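**Q** One structure follows; several queries about it will come next.
The values are calculated or read from the model by the stated rules, or taken from the named source; none is laboratory data. As the structure is a computational prediction, the values presented were derived from the model and not from experiment. Note that we place each Cβ from the backbone using ideal geometry, even for glycine, and neighbour counts take in every protein chain shown. Ligands, DNA and RNA are excluded from the accessible area calculation, which covers all protein heavy atoms including side chains. Shrake-Rupley method; radii C 1.70, N 1.55, O 1.52, S 1.80 Å.
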Amino acid sequence: MIHLIGPGGAGKSTIGRVIADLLRCPFHDLDRLFEERHGDIDDFIRLRGYAAYARSNVETYQAIEPDSPAVLALSSGFMTHPENAHPELQTIRRSIATQPSTFVLLPSLDLE
């Protein structure tokens, strides 16, 4: 799986779809998958709190088949969720951070 990490607006979803099309594999956007399971992210956080969101976001990530060929745009805060957000979070983050198929995207202020 190719993981795309970065802040909001960095282009994770945009480039993720392009890469997935080129590789002829599925594209997943963790925020959209979360919304399919739980509804609007802002509403979820407002009603249940950030800790519950972080835990549910990790569980949404875990529902994706890790060994299937795919491109995944992680939620912008996924790699910075509090360590105690989920019992498996540290292991998941370490795995993502050490995979050669993980890319960090940063926004540019230069529109060209």
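**Q** Could you list, ordered by first residue, the pairs with Cβ atoms under 9 Å in which the first is in the stretch 42-59 and within 12 Å of PHE78 (Cα to Cα) and at pLDDT 95 or above and the second is open to solvent by less than 20 Å² (accessible area, probe 1.4 Å) and of a type in the set (Phe, Trp, Tyr), at least 6 apart or interchain?
**A** The qualifying pairs are TYR53/PHE34; TYR53/PHE44; ALA54/PHE78; SER56/PHE34; SER56/PHE44; ASN57/PHE34; ASN57/PHE78; VAL58/PHE78.
**Q** Let me ask something additional. How about the stretch 82-109: which of its residues are in contact with a strand residue (DSSP E or B) (Cβ under 8 Å, 6 or more places away or on another chain) and open to solvent by less than 50 Å² (accessible area, probe 1.4 Å)? Break it down stepwise before answering.
**A** Going residue by residue through the stretch 82-109, those that are in contact with a strand residue (DSSP E or B) (Cβ under 8 Å, 6 or more places away or on another chain) are 96, 99, 101-105.
The answer is ILE96, SER101, THR102, LEU105.
**Q** Does GLU83 fit the bill of being farther than 20 Å from PRO26 by Cβ and among the charged types (D, E, K, R)?
**A** Numbers: farther than 20 Å from PRO26 by Cβ: yes; among the charged types (D, E, K, R): yes.
Against the criterion (farther than 20 Å from PRO26 by Cβ and among the charged types (D, E, K, R)), GLU83 qualifies.
**Q** How about the stretch 62-71: which of its residues are open to solvent by 30 Å² or more (accessible area, probe 1.4 Å) and either at pLDDT 95 or above or within 15 Å of the chain's Cα centre (by Cα) (or both)? Reasoning before the result, please.
**A** First pass over the stretch 62-71, keeping only residues open to solvent by 30 Å² or more (accessible area, probe 1.4 Å): 62-63, 65-69.
The answer is GLN62, ALA63, GLU65, PRO66.
This table checks each residue for (1) more than 19 Å from PRO100 (Cβ to Cβ); (2) surrounded by fewer than 19 Cβ atoms within 10 Å (Cβ to Cβ).
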| site | (1), (2) |
| --- | --- |
| ALA20 | no, no |
| CYS25 | no, yes |
| TYR50 | yes, yes |
| ALA73 | no, no |
| THR80 | yes, yes |
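**Q** On the given criteria, is HIS28 closer than 16 Å to LYS12 by Cα and not hydrophobic (A, V, I, L, M, F, W, C)?
**A** Values: closer than 16 Å to LYS12 by Cα: yes; not hydrophobic (A, V, I, L, M, F, W, C): yes.
Judged against the criteria, HIS28 is a match.
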